[in-house]
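Student: Could you have a look at this structure, given as structure tokens, before my questions?
The values are calculated or read from the model by the stated rules, or taken from the named source; none is laboratory data. Being a predicted model, the structure only gives us computed values, none of them experimental. Cβ atoms come from the backbone with ideal geometry, glycine included; neighbour counts cover every protein chain shown.
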Amino acid sequence: MSVSNLITSIVISFDDGSTCNVDSPSASFNLCGFGSGELRVTSDESALLIGLTLKASKQLSKYPVSLVLNQPKPSRVLALTFLGLAGPFIGKAFGYYNYVAQGKQPRSEPPPDKPEYPPGVKASGLVESDPLDCWSYPMLVNNYGELHPYTVMVLIDSGNGSYTALFTFSNNQLTAWLDKGLVIRTYTSKPSDEVKLSYVASIATGSDPYDAVAKAVSSASRVTVFKTRSRKAKPLFMNGLGWCSWNALLSDDLSHDNVVKIVKGLRDRGVPISWVIIDDGWQDLWNGVINSIEPSKVKFPRGFKAVVDELRNLGVSNIGLWFTINLYWNGASEAFIKALNAEGFKTSRGYVPKPNLEDSFKLYDAWFRVLKSNGFSFVKVDNQWSIHHLYRGFANDAEAAAAVELGLQLAATTNGLDVLNCMSMLPGNYSNYAISNALRVSIDYIPMWRTDAKLHTMWSAYNSLLYSNFGYPDYDMWISYDPSARLIAVSRIFSGGPVYITDREPEKTNVELIKWITLSNGEVIRVDEPALPTRDILFRDPYNETVLLKLASTVNGYPAIAFMNVNKNGVRISEEFKLVNMPMKLNGQYAYYKVISGDWGIVKPDDSIKVELSELEAEVVVLAPLINGKAALGIVEKALPPYAIKATPINGELMVEAREDGTMAYVKEGRMERIRVKAGERVRI
């Protein structure tokens, strides 16, 4: 595609407030007598990449260039934006339900039961004043004029069987996002007179929407720092079930004794906790900044190593520690920096990593050596979006983000620590994930709030379309005795990412639910790959429309679908789900099994399956291939029955090996049979 066909105009903004409009631009263009620019549009077999350079004779604005794109009129558009769409109601929800879940007095009035989403949020397009967020929020629009600024990806349904994915990112000296009218806006955080070659967007079009997104991201990874999930190592916290201290204890109640008491109580009840996160609240603080490389002597009187050793003695394999990318919310004290024999960048509140690779690496490396020596296996790094404003006016936004993110990852891998990324859904974060391979894909879990179970699940599901390409999607911790726990558990095992609880009271823990999603050896049952919304709801809104939220993947190679009712008004929904709407192509015949209701039947790829659910109910359907009229469904006591078996076709028969004690279900000659099996036992069907 030629430059002029793809980009209708370019607007150059100068620091003195003047602008230069370039209509029908060519590869090289003039900045209205104040310099020159070059557009670079490259293509491979899968996508187009847009890059540019600028050289001006006067200072460019910190929003130096906007590109107006030319795309056909859409039928519907799915957009992901980091404008704070939850802002009107989410603060009250945190202040109310986080404390209700602990049996304490709420610190705010309750949020609305049925908040409007998406709400009307005004934005000027200026990062200094707009209500931005560290999270991405999905929304549907009918035309490009309805897009919010700070949109990082759009998936466009042309209405004629063609789909276009447009993805923006941070690269070299430009950070980019989409604005109203399908305009690529760029940001540098400080004026300059030159922009070296920086790629800002990738575009992929095709007949398959999932493929379009994957190709746009993959193409971008060839010119940026990040690597896609499949090219990176699986983090150790993907093994087994975890526990995090946050919702259980918040900051006030976090201590050595409380952490050990809860984890011991869970394991004593048979809950196979194999990894633990010690979240916010462990710090020794001074004037709101972290003041020591040791934890609070009041909360952890014997230091880090004592609590790590005690957790290991309980059978916990891996322990992680929480901190923020700027060391703490307001930074670190000079004493903290000196204790690491490192250097920091002084802000108005505290010290943060310097925005260059060498110094950021040295600081993180020194900090991680401390953590490694105390027995920690991984870190949870929060507040990563802050790199977009920590160095505002001092360093180039894209360059600072790359330096700090890469310094963090290189130091972690040097010290053998995995990273769980959090508050990190902005371009400067995901564009630099060269090594780390897991990230939160939605705002924090809010316990006991029915609306959170709806919106959090929906946000995580749609965000995974994009963010599961950068790492394993983390849907966040959850409480097993939350009233919506079954639906939450289903969403977590379909996330394809880490699964971890945050129970405060082990005596209340829903042990049966935990057994439903784990094997007896402690292994978490989950899908093979992060599940994605099915084709029929890619451009639907399950919160506001009468349609079930559906996530699909495979488990042990078997197609699987999670159905969830997250409707705002709580109406009962009945659907005939057409199997052609699965993300993957189906062939042959299948025996389907509804895991929760126990219903089953035989279907072909062009058939449908009826599912009817009330508010916050869930159903899981697995499809077992019929081979000569036989299909092994799996161990039915488990949330994903095929996970617990290994089926091998041999001479027209199926040899099925059980990985778990339980009831094995299979279909033969049009009938379902159930037999009791032991782990390791083989059954010939």
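Student: So the check is Cβ under 7 Å with 6+ separation or different chains; which pairs have a first residue in region 304-329 that's assigned by TED's automatic domain parsing to the domain that holds D365 and of a type in the set (K, R) and a second one that's surrounded by fewer than 21 Cβ atoms within 10 Å (Cβ to Cβ) and modelled with pLDDT of 95 or more?
Tutor: From region 304-329, the pairs are K305/N374; K305/G375.
Student: Can you pull out the residues in region 281-306 that are of a type in the set (G, A, S), crowded, with 16+ Cβ neighbours inside 10 Å and under 21 Å from N341 (Cα atoms)?
Tutor: Once the filter is applied, which keeps residues that are of a type in the set (G, A, S), crowded, with 16+ Cβ neighbours inside 10 Å and under 21 Å from N341 (Cα atoms), region 281-306 yields S292, S296.
Student: Taking region 246-262 as the region of interest, how many residues are touching a helix residue (DSSP H, G or I) at 6+ places or on another chain (Cβ under 6 Å) and free of Cβ contacts under 8 Å to residues at least 40 places away in the same chain?
Tutor: Total meeting the criteria: 1.
Student: Restricting attention to region 258-273, does a residue exist that is within 27 Å of I435 (Cα to Cα) and over 22 Å from the mean Cα position of the chain (by Cα)?
Tutor: yes
Student: Now a separate question. Does region 578-589 include one or more residues that are free of Cβ contacts under 8 Å to residues at least 24 places away in the same chain, more than 34 Å from the chain's Cα centre (by Cα) and surrounded by fewer than 21 Cβ atoms within 10 Å (Cβ to Cβ)?
Tutor: The answer is no, given that none of the residues of region 578-589 is free of Cβ contacts under 8 Å to residues at least 24 places away in the same chain, more than 34 Å from the chain's Cα centre (by Cα) and surrounded by fewer than 21 Cβ atoms within 10 Å (Cβ to Cβ).
Student: Being in a strand (DSSP E or B), out of contact with any Pro (no Cβ under 6 Å at 6 or more places or on another chain) and at negative phi is true for just one of L285, L311. Which residue is that?
Tutor: Answer to the check: L285.
Student: Looking at S124, S136, S158, which is the one that is over 29 Å from S218 (Cβ atoms), of a type in the set (S, T, Y) and out of contact with any Gly (no Cβ under 8 Å at 6 or more places or on another chain)?
Tutor: Answer to the selection: S124.
Student: Of everything in region 432-457, what is small (G, A, S), under 14 Å from the mean Cα position of the chain (by Cα) and in a loop (DSSP other than H, G, I, E, B)? Give them in sequence order.
Tutor: S436, S442
Student: Follow-up question, since we're still on this one. From the residues in region 370-391 that are in contact with a Gly (Cβ under 8 Å, 6 or more places away or on another chain) and part of a strand (DSSP E or B), which one is nearest to N318 (Cα to Cα)?
Tutor: Applying the filter and picking the extreme gives F378.
Student: Which one of the conditions (1) touching a residue at least 40 places away in the same chain (Cβ under 8 Å); (2) not in a loop (DSSP other than H, G, I, E, B) does G416 fail to meet, given that it meets all the rest?
Tutor: (2)
Student: Wholly within region 493-608, which strands (runs of 3 or more DSSP E) include no fewer than the required count, namely at least 3 residues that are closer than 23 Å to D211 by Cβ, aliphatic (A, V, I, L, M) and modelled with pLDDT of 95 or more?
Tutor: 549-555, 558-564
Student: Moving on. Do any residues in region 656-670 that are within 20 Å of L519 (Cα to Cα) and in contact (Cβ under 8 Å) with a residue 24 or more places away in the chain have Cβ atoms under 8 Å from those of residues that are among the hydroxyl-bearing types (S, T, Y) and outside any strand (DSSP E or B), where the two are at least six apart or on different chains, and which pairs are they?
Tutor: R659/Y643; E660/S520; D661/S520
Student: Now, a different point. Please specify each residue of region 353-386 satisfying the condition of being within 23 Å of the chain's Cα centre (by Cα) and closer than 18 Å to T413 by Cβ.
Tutor: S377, F378, V379, K380, V381, Q384
Student: I've got another one for you. Scan region 638-661 residue by residue and report those that are under 25 Å from F563 (Cα atoms) and in contact with a helix residue (DSSP H, G or I) (Cβ under 7 Å, 6 or more places away or on another chain).
Tutor: K638, A639, L640
Student: Taking the residues in region 623-652 that are without any contact (Cβ under 8 Å) to a residue 12 or more places away in the chain and among the polar types (S, T, N, Q) as candidates, determine which candidate is surrounded by the fewest Cβ atoms within 10 Å (Cβ to Cβ).
Tutor: So, considering only residues that are without any contact (Cβ under 8 Å) to a residue 12 or more places away in the chain and among the polar types (S, T, N, Q), the one surrounded by the fewest Cβ atoms within 10 Å (Cβ to Cβ) is N651.
Student: How about region 592-622: which of its residues are crowded, with 21+ Cβ neighbours inside 10 Å and either of a type in the set (V, I, T) or out of contact with any Lys or Arg (no Cβ under 9 Å at 6 or more places or on another chain) (or both)?
Tutor: Y592, Y593, V595, V611, V620, V621, V622
Student: Which of the numbered conditions does L241 fail, given that it passes all the others? Conditions: (1) on the phi < 0 side of the Ramachandran plot; (2) exposed (fewer than 15 other Cβ atoms within 10 Å of the Cβ).
Tutor: Against the list (1) on the phi < 0 side of the Ramachandran plot; (2) exposed (fewer than 15 other Cβ atoms within 10 Å of the Cβ), L241 comes up short only on (2).
Student: From Y433, Y445, grab the single residue that is in contact (Cβ under 8 Å) with a residue 40 or more places away in the chain, of a type in the set (F, W, Y), touching an Asp or Glu at 6+ places or on another chain (Cβ under 9 Å) and within 19 Å of Q173 (Cα to Cα).
Tutor: From the options Y433, Y445, the qualifying one is Y433.
Student: Go through (1) surrounded by 12 or more Cβ atoms within 10 Å (Cβ to Cβ); (2) touching an Asp or Glu at 6+ places or on another chain (Cβ under 8 Å); (3) in a loop (DSSP other than H, G, I, E, B) one by one and return the number of the condition K104 breaks.
Tutor: Going through the list (1) surrounded by 12 or more Cβ atoms within 10 Å (Cβ to Cβ); (2) touching an Asp or Glu at 6+ places or on another chain (Cβ under 8 Å); (3) in a loop (DSSP other than H, G, I, E, B), K104 breaks only (2).
Student: Which of the residues that make up region 34-48 are in contact (Cβ under 8 Å) with a residue 24 or more places away in the chain and part of a loop (DSSP other than H, G, I, E, B)?
Tutor: Correct list: F34, D44, S46, A47.
Student: Could I ask something else about it? Here is a list: K227, K196, K180. Which entry is touching a helix residue (DSSP H, G or I) at 6+ places or on another chain (Cβ under 8 Å), over 14 Å from L67 (Cβ atoms) and at pLDDT 95 or above?
Tutor: Going through K227, K196, K180 in turn, the sole match is K227.
Student: I'd like the residue in region 339-369 that is small (G, A, S) and part of a helix (DSSP H, G or I) and, out of all such residues, is surrounded by the most Cβ atoms within 10 Å (Cβ to Cβ).
Tutor: Checked region 339-369; the qualifying residue surrounded by the most Cβ atoms within 10 Å (Cβ to Cβ) is S360.
Student: Identify, from the list K114, K122, K73, the residue that is surrounded by fewer than 20 Cβ atoms within 10 Å (Cβ to Cβ) and either touching a strand residue (DSSP E or B) at 6+ places or on another chain (Cβ under 6 Å) or free of Cβ contacts under 8 Å to residues at least 40 places away in the same chain (or both).
Tutor: After applying the criteria, what remains is K122.
Student: I need the full set of residues from region 233-290 which are within 15 Å of I319 (Cα to Cα) and aromatic (F, W, Y), in order please.
Tutor: Those that are within 15 Å of I319 (Cα to Cα) and aromatic (F, W, Y): F237, W243, W246, W275, W282.
Student: All but one of (1) surrounded by 21 or more Cβ atoms within 10 Å (Cβ to Cβ); (2) not in a loop (DSSP other than H, G, I, E, B) hold for L85; state the number of the condition that does not hold.
Tutor: Among (1) surrounded by 21 or more Cβ atoms within 10 Å (Cβ to Cβ); (2) not in a loop (DSSP other than H, G, I, E, B), the lone unmet condition for L85 is (2).
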